[in-house]
Amino acid sequence: MKKLYIETYGCQMNVADTEVVFSILGEHGYVRCESLDEADVIFANTCSVRDNAEQRIHGRLIQFALQRRNRPVVIGILGCMAERMKDALIETGKVDIVAGPDSYRHLPEMLEAVSEGPQMDVCLSRSETYAEIVPVRTDRNGVSAFISIMRGCNNVCSYCVVPFTRGAERSRDYHSIVREACRCVSDGYKEVMLLGQNVDSYNFEGTGFAALLAMVAEACPGLRIRFSTSNPQDISDEVLEVMSSHANICHHIHLPVQSGSNRILEKMRRRYTREWYLQRVAAIRAAMPDCAITTDVIAGFCSETLEDHEATLDLFRRVGFDYAFMFYYSERPGTLAARKYPDDVSIEEKTRRLNEIIDLQNSLSLESNRRDCGKVFEVLVEGPSKKGGQLCGRTMTNKMCVWVDDTHKAGDLVNVKVTDCTQATLFCELV
Ligand code: SAH
Ligand code: SF4
Ligand code: F3S
């Protein structure tokens with residue numbers, strides 16, 4: 001038995017992929033370990049979406065290399081950075097294996113061959129979905145599991161490296177998705193998150209996302225269903241209809257806007273306008289008044305003016321997002337934006353605009369939480385909260401609740417009443 005340690009960076013897809021890698025290598029005698037010091041094989045499953053994500057990995061590689069002082073250790077880079085940097089990683093002299101996101105079935109052979117020299121496989125596939133592989137779950141509490149429903153991305157957002165690192169979009173057979181959801185139920189999971197870069201374009205032999213969502217919700221009525229990410233261009237009324245007519249589908253939509261300015265959206269090659277986005281938000285609220293809406297935004301994209309930035313702030317105020325992931329623009333080699341547009345907003349100005357968005361969102365999150373004060377929610381217990389004697393768990397709208405409780409445990413559904421809040425947390429009592 002060899003011990004395999006994997007550090008996972010980046011998005012939830014990478015978490016799901018790490019679970020696939022543990023499964024593939026588990027069949028070949030590798031067992032998971034959770035400390036660097038005992039590992040025979042150390043992998044980093046990496047992210048390339050922003051430069052600082054890659055810089056962190058370079059730092060970690062130095063740490064990993066230190067492990068080789070006392071014993072032989074195989075070091076590998078998996079995921080998006082492997083796909084983007086290819087041989088440049090091998091040339092650092094610090095890595096033995098470079099494996100892109102579609103090559104994980106070859107890891108056992110690559111590990112076998114590593115004594116002969118560094119191994120690399122960065123071929124992207126048009127069909128690989130790892131459909132029948134049963135993931136080895138790595139979550140801490142056995143409550144919530146990720147299910148990958150598609151891979152790759154067919155959009156060409158001009159700032160984004162994902163289409164280069166993950167290849168063309170392909171959808172996984174829905175039979176295997178439903179089977180995996182049912183297996184989650186029998187393994188004791190209470191919630192699943194269906195994952196894709198653009199879930200609304202799921203299409204397996206004519207079955208679209210709305211139908212898939214209904215299928216999973218109906219096959220597993222006791223399971224909470226979440227999904228991410230929805231593209232504003234593609235989110236359909238049918239999906240909203242399926243969400244509002246199935247009690248176990250969570251009322252939360254992650255709907256990345258990226259910018260509130262039409263000029264910038266066009267330059268980003270997002271295929272919607274701010275008016276379209278606001279109209280989709282209105283459609284969501286008409287179908288489900290209680291639905292949480294969260295977003296991603298990029299501050300300081302190429303040529304962004306103060307007026308464009310103001311348009312983003314204005315859109316944030318109009319929508320009143322419940323939560324947002326906020327970044328400043330990071331130029332990624334090879335993307336359309338890197339080739340065509342100068343990265344001409346200074347780092348100081350990007351930071352200033354980003355901080356302005358963060359400050360605004362913090363107040364919007366607080367307002368959103370204040371609106372929930374006095375309400376009763378069903379929450380899924382995740383486990384003890386940081387503070388002793390309290391449990392934490394999430395509402396269907398993905399808000400974190402904490403309350404005093406010594407009778408329930410992770411995986412239970414309990415009703416709590418919100419008594420107070422911060423921008424990040426709802427403080428509750430059991431009802
Ligand atoms: N498929 C998802 C996004 C995946 S990447 C979607 O289309 O919404 C996650 C987020 O990272 C993006 O929504 C975007 O806000 C951010 N991001 C992507 N490329 C970036 C870049 N070059 N600089 C800064 N942020 C970026
Ligand atoms: Fe990137 Fe756009 Fe695809 Fe999202 S939809 S992964 S932002 S190219
Ligand atoms: Fe990062 Fe790749 Fe996900 S670039 S965000 S790990 S798809």
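The values are calculated or read from the model by the stated rules, or taken from the named source; none is laboratory data. Predicted model only: the values in this text are computed from it and were never measured. Using ideal geometry, Cβ is built from the backbone for each residue, glycine included, and neighbour counts are taken over all protein chains shown.
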What helices (runs of 4 or more DSSP H) lie completely within segment 1-104 and have 1 or more residues being more than 21 Å from CYS160 (Cα to Cα)?
-> 12-26, 51-66, 87-91
Would you please list the contacts, defined by Cβ atoms under 8 Å and residues six or more apart or on different chains, that run from a residue in segment 146-175 that is free of Cβ contacts under 8 Å to residues at least 60 places away in the same chain and among the charged types (D, E, K, R) to a residue that is near ligand 2 (Cβ under 9 Å from one of its atoms) and in a loop (DSSP other than H, G, I, E, B)?
-> GLU169/GLY152; GLU169/CYS153; GLU169/ASN154; GLU169/GLN197; GLU169/ASN198; ARG170/GLY152
Restricting attention to segment 104-141, which residues are in the same structural domain as GLY26 (by TED's automatic domain parsing) and among the aromatic types (Phe, Trp, Tyr)?
-> TYR104
If you check ALA311 against the conditions, is it surrounded by 15 or more Cβ atoms within 10 Å (Cβ to Cβ) and within 16 Å of ligand 1 (Cβ to nearest atom)?
-> no
Are any of the residues in segment 184-195 within 11 Å of ligand 1 (Cβ to nearest atom) and within 25 Å of SER125 (Cβ to Cβ)?
-> yes
Filtered residues of segment 385-410 (kept if surrounded by fewer than 19 Cβ atoms within 10 Å (Cβ to Cβ), over 27 Å from THR295 (Cα atoms) and not aliphatic (A, V, I, L, M)) | LYS387, GLY388, GLY389, GLN390, ASP406, THR407, HIS408, LYS409
Mind listing whichever residues of segment 36-71 are in contact with an Asp or Glu (Cβ under 8 Å, 6 or more places away or on another chain), of a type outside the set (A, V, I, L, M, F, W, C) and modelled with pLDDT of 95 or more?
-> ASN45, THR46, SER48, ASP51, ARG60
Exclusive hit being crowded, with 23+ Cβ neighbours inside 10 Å, farther than 18 Å from THR397 by Cα and either among the polar types (S, T, N, Q) or out of contact with any Ser or Thr (no Cβ under 6 Å at 6 or more places or on another chain) (or both), set TYR277, TYR272 | TYR277
Mind listing just one residue for me: the one in segment 329-351 that is within 27 Å of the chain's Cα centre (by Cα) and closer than 12 Å to GLU304 by Cβ and, of those, nearest to ligand 1 (Cβ to nearest atom)?
-> TYR329
Filter segment 329-362 for residues that are free of Cβ contacts under 8 Å to residues at least 60 places away in the same chain and among the hydrophobic types (A, V, I, L, M, F, W, C) and give the result.
-> ALA338, VAL345, ILE347, LEU354, ILE358, LEU360
